[in-house]
1. Only one residue in A:Glu82, A:Glu99, A:Glu30, A:Glu62 is closer than 30 Å to B:Phe341 by Cβ, among the acidic types (Asp, Glu) and modelled with pLDDT of 80 or more, so which one is that?
2. What do you reckon, is A:Lys54 more than 30 Å from A:Pro126 (Cα to Cα), modelled with pLDDT of 80 or more, more than 14 Å from chain B (Cβ to nearest Cβ) and surrounded by fewer than 17 Cβ atoms within 10 Å (Cβ to Cβ)?
3. Of all helices (runs of 4 or more DSSP H) completely enclosed by the range B:145-263, which ones contain at least 3 residues that are surrounded by fewer than 22 Cβ atoms within 10 Å (Cβ to Cβ)?
4. If you go through the range A:130-153 one residue at a time, do you hit one that is over 27 Å from A:Val56 (Cα atoms) and within 15 Å of ligand 1 (Cβ to nearest atom)?
5. Filter the range B:362-404 for residues that are among the basic types (Lys, Arg) and more than 10 Å from every other protein chain (Cβ to nearest Cβ); which is surrounded by the fewest Cβ atoms within 10 Å (Cβ to Cβ)?
6. Are there any strands (runs of 3 or more DSSP E) wholly within the range A:61-124 with 1 or more residues that are within 15 Å of ligand 2 (Cβ to nearest atom) and among the β-branched types (Val, Ile, Thr), and if so which?
7. Here is a list of conditions, (1) within 14 Å of chain A (Cβ to nearest Cβ); (2) in contact with a Gly (Cβ under 8 Å, 6 or more places away or on another chain); (3) among the β-branched types (Val, Ile, Thr), and B:Ile76 meets all of them except one; can you say which number that is?
8. Six or more apart or on different chains, Cβ atoms under 8 Å: show the pairs whose first residue is in the range B:326-340 and more than 9 Å from chain A (Cβ to nearest Cβ) and whose second is outside any helix (DSSP H, G or I) and charged (D, E, K, R).
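The values are calculated or read from the model by the stated rules, or taken from the named source; none is laboratory data. Note that the coordinates shown come from a computational prediction; the quantities given were computed from them, not determined experimentally. All Cβ positions, glycine included, derive from the backbone under ideal geometry; neighbour counts span all protein chains shown.
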Amino acid sequence: MATTASTDAVPGFRGTYFGRIKNAIISIMEGMSVTLGYLLQRPITIQYPDRTPKPVKDTLPERYRGILELDMKTCTACLACERACPIGCIKIEVVKDKETKKRYITRFDIDIAKCMYCGLCVDPCPGGAIRHTNEFEGSTSDVQYLVRRFVPPGERIEPAKPKKKEKEEAGAEGS
Amino acid sequence: MERLADYIVYNLPFLQQIPRVIVDLIIMLFFATCMLLFWVALFAGITSWVERRVAGRIQSRIGPNRVGPQGFLQWIADGLKCFLKEDFVPAAADKKLFLLAPYIVFAGMFAVFVVVPFGDGLIISNLNIGIFYVLAISSLVVVGILMSGWSSNNKWSLLGGMRSAAQIVSYEIPVSLAILPVILLTGSLGMQDIIRAQGPYPWQWFAFHNPFTFIAFFIFFIGALAEGNRTPFDIPEAESELVAGYNTEYSGMRFVFFFFAEWANLYIIAALTVTLFLGGWNTPAHLYTNLFGLLHRSVDVAGTFVFILKSLFLVFVIIWIRWTLPRLRVDQMMDVCWKYFVPFSFANIVGTIIWMVLADAAPVLGYVRYILFVVGLMVPLAIAMKITRNFRLAKSEIHLNPFI
Ligand code: SF4
Ligand code: SF4
């Protein structure tokens with residue numbers, strides 16, 4: 001049927017009257033056997049999220065760059081990550097207590113909505129405090145919920161003391 | 001149907017006081033409603049789900065499988081959704097025609113069920129002009145489609161309606177002409193007579209009766225697809241060109257009516273093909289008595305089962321064709337009809353007449369049906385071989401379990 005007179009411009013579709021009928025029959029049968037073959041095969045659909053054999057999170061590669069996570073216990077508030085981020089999605093505020101001469105982190109926000117998962121903030125971190133997880137399901141009802149606040153507003157957290165040994169370890173761990 | 005009415009009136013004396021016409025009318029309405037609710041609606045709904053599942057598997061997807069077990073209730077969800085939608089009428093539409101059109105399409109489709117047989121004695125009305133009635137009444141669908149296309153006041157709808165009219169009117173000719181050989185062989189237009197003239201075994205079917213009916217079978221089947229606006233002849237509703245064709249402007253329940261008619265039409269195409277060419281409800285007598293001897297003789301359960309099974313298989317083939325072949329262009333569609341089908345169907349009629357005369361003179365020709373049956377058997381065999389080859393080449397594995 002696909003081989004009719006008006007398709008003469010298409011090479012290979014030319015032919016005699018009965019030749020075209022033969023072509024049509026053969027090509028239709030060929031096509032129908034291909035589709036029936038696929039009908040008999042297993043579909044390749046992965047039924048994310050609820051009907052996968054393993055949760056998709058567990059099947060991700062080890063160095064997968066997912067949503068950033070921060071370990072406040074090791075963060076030294078060196079601001080290296082804030083400086084490294086090319087789009088400025090990390091906002092850190094550090095205040096110095098005038099009497100005790102101690103520094104405190106009053107704000108550590110990572111705007112996941114802006115983050116492009118480049119990993120540039122992870123590399124310079126001396127203690128490996130900031131790192132990627134394999135978390136990738138970030139959907140929320142409002143984009144502002146994507147700003148991860150690691151210091152609850154109104155609180156202040158004492159940063160960790162930088163240690164020489166940890167610095168090397170962090171280098172070995174990498175991103 | 002008349003016999004049934006007689007029977008009911010005879011057994012319920014109080015009905016005899018009411019004029020017979022009214023009683024008949026009420027009984028007819030009752031059975032039409034039953035038919036609509038328990039067969040047409042169910043069939044159309046479930047087929048819409050089956051079609052999407054089959055389409056999914058053909059395209060290596062799964063298809064709807066969330067609503068109910070394996071997505072089986074998807075069609076109810078879809079129907080409910082459309083029920084709750086606004087019934088929208090465009091401001092510039094011809095309101096009366098616009099509102100009426102879906103019902104005409106639906107009525108044209110549903111009226112065909114009057115003569116669609118389900119089994120021996122299971123037919124709403126065994127009209128003596130059965131197949132002629134089908135051809136006549138199904139033309140009502142064109143009117144409805146053209147009405148909807150015209151009244152929508154939308155160029156996509158109008159184009160769709162026009163194309164549909166051109167298509168259905170063109171394909172009516174080869175389809176009617178392809179039916180003629182069968183009528184010649186039967187000598188009757190009644191659906192049950194046509195079925196009775198065939199036998200239970202494939203080589204007794206009209207499709208394999210002689211080379212001309214063999215060709216007529218394919219012409220009828222393909223032409224019926226075109227009349228039902230099914231792919232590869234879905235030019236009137238070509239999604240990629242015309243948004244949705246003649247039903248672009250419809251929403252809510254009226255849209256459902258169009259789709260309802262379309263899916264119910266699948267069954268009509270299949271049932272008519274089975275009636276005319278594939279032996280209808282004929283079952284070998286011994287199967288009948290052995291398996292269903294317990295049941296009353298007048299209820300041909302095995303026959304009904306066989307008939308519906310054949311029809312459902314053809315419905316599957318139609319779905320399979322839809323998800324295989326691309327849509328034809330308008331000129332190609334017309335070419336297929338006028339350059340290929342019409343001459344061939346004329347040749348079929350003449351050929352069948354000559355065959356009938358010759359077969360009387362030379363009974364040897366009766367054996368041709370066995371040869372044709374073997375030829376017909378080659379088609380599934382060839383497809384099976386091609387599939388095996390494709391599987392071997394692609395190193396894929398068969399996965400038959402449809403429940404994923
Ligand atoms: S991953 Fe890249 S974009 Fe995201 S916070 Fe780190 S440096 Fe910024
Ligand atoms: S997360 Fe790492 S790089 Fe960022 S401020 Fe803390 S210690 Fe410095």
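1. Numbers: A:Glu82 fails: closer than 30 Å to B:Phe341 by Cβ; A:Glu99 fails: closer than 30 Å to B:Phe341 by Cβ; A:Glu62 fails: closer than 30 Å to B:Phe341 by Cβ.
So the residue among A:Glu82, A:Glu99, A:Glu30, A:Glu62 that is closer than 30 Å to B:Phe341 by Cβ, among the acidic types (Asp, Glu) and modelled with pLDDT of 80 or more is A:Glu30.
2. On the way: more than 30 Å from A:Pro126 (Cα to Cα): yes; modelled with pLDDT of 80 or more: yes; more than 14 Å from chain B (Cβ to nearest Cβ): yes; surrounded by fewer than 17 Cβ atoms within 10 Å (Cβ to Cβ): yes.
Spelling it out, A:Lys54 is indeed more than 30 Å from A:Pro126 (Cα to Cα), modelled with pLDDT of 80 or more, more than 14 Å from chain B (Cβ to nearest Cβ) and surrounded by fewer than 17 Cβ atoms within 10 Å (Cβ to Cβ).
3. Values: elements: B:155-186, B:191-196, B:211-227, B:239-242.
Result: B:155-186, B:211-227, B:239-242.
4. Step one: list which residues in the range A:130-153 are over 27 Å from A:Val56 (Cα atoms), which gives A:151-153.
From the residues that got through so far, the ones that are within 15 Å of ligand 1 (Cβ to nearest atom) too are none.
No, because not a single residue in the range A:130-153 is over 27 Å from A:Val56 (Cα atoms) and within 15 Å of ligand 1 (Cβ to nearest atom).
5. Initially, the range B:362-404 is screened for residues among the basic types (Lys, Arg), giving B:369, B:386, B:389, B:392, B:395.
Filter once more, keeping what is more than 10 Å from every other protein chain (Cβ to nearest Cβ): B:369, B:392, B:395.
Numbers: B:Arg369: 23, B:Arg392: 9, B:Lys395: 6.
Filtering the range B:362-404 for residues that are among the basic types (Lys, Arg) and more than 10 Å from every other protein chain (Cβ to nearest Cβ), the one surrounded by the fewest Cβ atoms within 10 Å (Cβ to Cβ) comes out as B:Lys395.
6. Working: elements: A:68-70, A:90-96, A:103-111.
Strands (runs of 3 or more DSSP E) meeting the threshold: A:90-96, A:103-111.
7. Tallying (1) within 14 Å of chain A (Cβ to nearest Cβ); (2) in contact with a Gly (Cβ under 8 Å, 6 or more places away or on another chain); (3) among the β-branched types (Val, Ile, Thr), B:Ile76 fails exactly one: (1).
8. Sorted first by the residue in the range B:326-340, then by its partner, the pairs are B:Arg327/B:Asp234.
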